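For reference, the structure discussed in these notes is given below.
The values are calculated or read from the model by the stated rules, or taken from the named source; none is laboratory data. Just so you know, these numbers come straight off a predicted model, no measurement behind them. Accessible surface areas use protein heavy atoms only, side chains included; no ligands, DNA or RNA. Shrake-Rupley method; radii C 1.70, N 1.55, O 1.52, S 1.80 Å.
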Amino acid sequence: MEAVLRELSIFPVLMSVVDDLVVAYIRRLEELGLSQLADSIFPTAYVFREIEAMSGVPAEVVVERLADAVRDKIRPDVAEEVVGAPAGVAVWLLARRIAMWYLQLAVELGVVRER
């Protein structure tokens, strides 16, 4: 996925706002040969449309909804290893970090504005 994204002009923005913990999780998935799982957490146009549709909703609520949507895409055992916390806590934390990444990207790309 990274190779494809590098060809796009959006790649520098995409990776400039990504959280270190999310990067560590993606890299660990790739090391384990689970690139498809890594690809599944990269934001899509659908994610940005969802964020745009939630314009005006408090950021905390947006993050919670996005985290709920991404939670099932996170592999608990890998999250536990990367975060260094029990699987449930690790998935919860990683889902929120990924959601915040999505939201920050939406701001950086002009999908929504910060207040």
- Item | Sulfur and carbon atoms: percent of accessible area, the range 31-101 [1.4 Å] | 55 percent
- Task: Step through the residues of the range 60-67 one at a time and calculate ³J(HN,Hα) from phi using the Karplus curve (6.51 cos²θ - 1.76 cosθ + 1.60, θ = phi - 60°), rounding each to whole Hz and writing x for Gly and Pro.
- Result: 4, 5, 4, 4, 4, 5, 5, 4
